[in-house]
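Please read the structure below before turning to the comments.
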Amino acid sequence: MLRDQKGLFEQLLERALVMGKRNKTTQIIILVVILVLGGFAVSSAFKKPEVPKEGSTIPDLPLQQLNGSVVKLGDYKGKALVLNFWGSWCEPCEREMPTLQKAADEWKAKNVEIVGINYGEDPLVVQNYMKKVNVRFTMLLDQKKKVTEAFGIRPLPTTFFVKPDGKVHAIHIGELTQSQLDKYLQEITGQ
């Protein structure tokens with residue numbers, strides 16, 4: 001698309017130059033068109049992709065598992081999904097880990113997947129952390145922070161609640177309590 005716009009710019013500019021001083025109004029119109037198209041091209045080139053929000057579908061991005069294999073978020077389609085973005089240095093993240101583990105144990109049989117997405121840390125750090133806080137639910141690594149960026153995550157923890165159809169039902173910023181987590185889980189599963 002940018003290449004097509006560039007060709008159009010060149011044609012319009014050439015036409016304006018050929019016309020010389022014959023028709024100043026036409027030159028001004030062509031210049032305005034060039035500026036508008038140029039502005040559109042520049043803004044399109046630097047436009048960031050839209051982050052998921054309530055009602056939108058989560059992007060099908062790849063993440064690394066602790067064993068080194070790669071999964072895509074789309075692999076979880078058909079399940080109610082809780083995506084919890086966290087870091088080992090984050091105190092509220094650590095406080096909510098037992099709550100998430102309890103939910104993972106209780107809701108697994110109800111087609112719910114609790115998935116932790118670690119923000120940029122080494123697999124060994126994540127494994128040691130999981131042992132320390134006694135967590136066994138699925139953990140994925142976002143070492144290059146591309147998924148975190150794609151989701152527009154700022155503060156940690158941030159949790160996305162996704163219905164089985166892959167659409168975001170709710171986004172919770174900050175530490176989750178047991179009652180909040182149970183409410184969201186009931187909403188995304190209809191149970």
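The values are calculated or read from the model by the stated rules, or taken from the named source; none is laboratory data. Source: prediction; values computed, not measured. Here Cβ is always computed from backbone atoms with ideal geometry, including for glycine, and neighbour counts include all displayed protein chains. In case anyone asks, the SASA skips ligands and DNA or RNA and just uses the protein heavy atoms, side chains included. Shrake-Rupley method; radii C 1.70, N 1.55, O 1.52, S 1.80 Å.
List of remarks:
- Look at (1) under 15 Å from the mean Cα position of the chain (by Cα); (2) on the phi < 0 side of the Ramachandran plot and you find that Gln65 fails only one, number (1).
- Evaluation of Ala170 against (1) in contact with a Phe, Trp or Tyr (Cβ under 9 Å, 6 or more places away or on another chain); (2) loosely packed, with under 15 Cβ neighbours inside 10 Å; (3) modelled with pLDDT of 95 or more (one fails), failing number: (2)
- Among the residues of segment 137-152, those that are of a type in the set (A, V, I, L, M, F, W, C) and either assigned to a loop (DSSP other than H, G, I, E, B) or buried (at least 19 other Cβ atoms within 10 Å of the Cβ) (or both) comprise Phe137, Met139, Leu140, Leu141, Val147, Phe151.
- Pairs where the first residue, in segment 172-185, is in contact (Cβ under 8 Å) with a residue 12 or more places away in the chain and the second is surrounded by 13 or more Cβ atoms within 10 Å (Cβ to Cβ) and among the acidic types (Asp, Glu), C-beta under 7 Å, 6+ apart: Glu175/Glu96; Leu176/Glu96
- Odd one out for Val112 among (1) under 13 Å from the mean Cα position of the chain (by Cα); (2) under 19 Å from Ala170 (Cα atoms): (1)
- Listed conditions (1) part of a helix (DSSP H, G or I); (2) within 18 Å of His172 (Cβ to Cβ); (3) of a type outside the set (Gly, Ala, Ser) are all met by Pro155, apart from (1).
- Hits in segment 100-136 - residues which are surrounded by 18 or more Cβ atoms within 10 Å (Cβ to Cβ) and out of contact with any strand residue (DSSP E or B) (no Cβ under 7 Å at 6 or more places or on another chain): Gln101, Trp107, Tyr129, Val135
- Of residues in segment 36-50 being out of contact with any Pro (no Cβ under 9 Å at 6 or more places or on another chain) and either at pLDDT 95 or above or not small (Gly, Ala, Ser) (or both), the one least open to solvent (accessible area, probe 1.4 Å): Leu37
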